[in-house]
Every structure is written in structure tokens, then in C-alpha cells.
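Quick note: the coordinates plus some simple rules give every number you see, no bench work behind them. This structure is a prediction, so every number in the text was calculated from the model and none was measured. Cβ placement follows ideal geometry from the backbone for every residue including glycine, while neighbour counts extend to all protein chains displayed.
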Amino acid sequence: MSTQNGTQTKSDKHTLSVVVKYNLNALSRIIGIFSSKGFEIDSISFGSGKESGQARITITTHGDEQIIEQITKQLHKIIDVVTVTDLTYDSFVERELALVKVKADSAARSEIMQITQVFRAKVIDISPDRLAIEITGNADKINAFIGMVRPFGIIELARTGSVALKREFEGDV
């Protein structure tokens, strides 16, 4: 549920894994359903699936159980959709990628590189006054990293949507 000030809580967030027949019409139809019904997409990613001719679309959205049920029913109506799985209540792994270009003069470069190491990110490009950094992880980790480097000056930022798969191992380690 959302709080009174309109912020989203963890229980509102849902991660949907949708397997479709591989074609761009499937993606446009899915986006069309969200748009026409007033459902919100927090992030969406589209890529090849394990089967030839199929793709996996990972959608993060939010809403109460009734809204998520409506979304799932609408997705099942799309001819290209093979399966729809709400991973929210399963154990699953989720990752996102961000590329962040940061101002990094000689005075700040060392500190930015230390922050990069703490977050297990990688410097992927360097110039006399800038660093380009690649970071992967869940959205909270990426948001925290961006928050730490923002004071130095973010020049450019590109983020993928989340990608997710159901976790197979559920035993004790």
C-alpha cells in the first residue's frame, strides 16, 4: 500500500516475469495495456529468452493485490504472451545495471574511486576530468551509489530496468 504522503512501500512493488513470442508487437501491446488501463510501469526490460523465438520481459510495477490481478489477467489476454509470473512472493534474484558519468577532477578522483570500490562497481572509462562507472545490483544499491556520487556532479546517467529470475535453491546453506 502507499503511505499517506504518496510514497511507495515495499509491499506495493511487484516484479512480473512475462515470457512472450519474440516480436516487438508483444512489447508495444504490453505497454498499451498499461497505458490504456492507467497502470504504472516502474521499470521494464526486454531481451531474448532461453527458447529460440521467445523473449523475457521483466516489469516492475506497484499496486494492491486487485490491481496486480487485473494486470496479470490483461497480460494473459495478449496473444503473444506465453506465461506471466509474479515473482514478488517467491524467492528471486533481481539485478539492474547503471552507467554513471561523474565529474572527477584530480582532487575528487581518489574519493570517487574509493566509493566505487566499496560498492563493487567498476571504472569503465576515464578522462582528465571524468569517470564513467558501471554498477550492478538491486535498485537500492544503485540508488545508494548514485546518492554518494551525486555531490561530485553527475554528468550522465543510464539505467536498465530490473531483470529477475526465480531463485531455484531454497534450502539452508
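A Gaussian network model of the chain, with springs between Cα atoms under 10 Å, assigns the largest mean-square fluctuation among 19, 163, 149 to 149. In straight-distance terms, cross-link reach from residue 101 covers every one of the lysines whose alpha-carbon lies under 22 Å from its own, apart from those fewer than eight places away in the same chain; here that gives 122, 141. Averaging 1/r over each pair of different alpha-carbon atoms in the chain and inverting the result gives 18.0 Å, the Kirkwood hydrodynamic radius. The HN-Hα couplings worked out from phi for the range 104-114 by the Karplus form 6.51 cos²θ - 1.76 cosθ + 1.60 (θ = phi - 60°) are 8, 6, 4, 6, 9, 4, 4, 5, 4, 5, 5 Hz, whole numbers, x standing for Gly and Pro. Across the range 135-150, rounded Karplus estimates of 3J(HN,Hα) from the backbone phi angles (6.51 cos²θ - 1.76 cosθ + 1.60, θ = phi - 60°) give 9, 10, x, 6, 4, 4, 5, 5, 4, 5, 4, 4, x, 6, 8, 4 Hz, Gly and Pro being marked x. Among the trypsin sites (Lys or Arg not before Pro) in the range 29-93, those placed in a DSSP loop whose Cβ has at most 13 other Cβ atoms within 10 Å are 50, 77. Applying a DSSP loop filter and a limit of 16 other Cβ atoms within 10 Å to the trypsin sites (Lys or Arg not before Pro) in the range 126-173 leaves 167.
Each 10 Å bin from 0 upward holds the following percent of the Cα-Cα pairs of the range 93-166: 21, 56, 19, 5, 0.
To the nearest ten degrees, helix 24-37 and the longest principal axis of the Cα atoms of the chain are 80 degrees apart. For residue 77, the lysines whose Cα falls under 26 Å of its own Cα, not counting residues fewer than eight places away in the same chain, are 13, 21, 37, 50, 166.
Rounded to whole numbers, the Karplus 3J(HN,Hα) couplings from phi for the range 89-99 are 9, 9, 7, 8, 9, 9, 9, 9, 10, 9, 10 Hz, using 6.51 cos²θ - 1.76 cosθ + 1.60 with θ = phi - 60°, and x at Gly and Pro. For the chain, modelled as a GNM with alpha-carbon contacts under 10 angstrom, which of 20, 100, 118 fluctuates the most? The residue with the greatest mean-square fluctuation here is 118.
Ranking of 115, 30 by neighbouring Cβ atoms within 10 Å, starting from the fewest: 115, 30.
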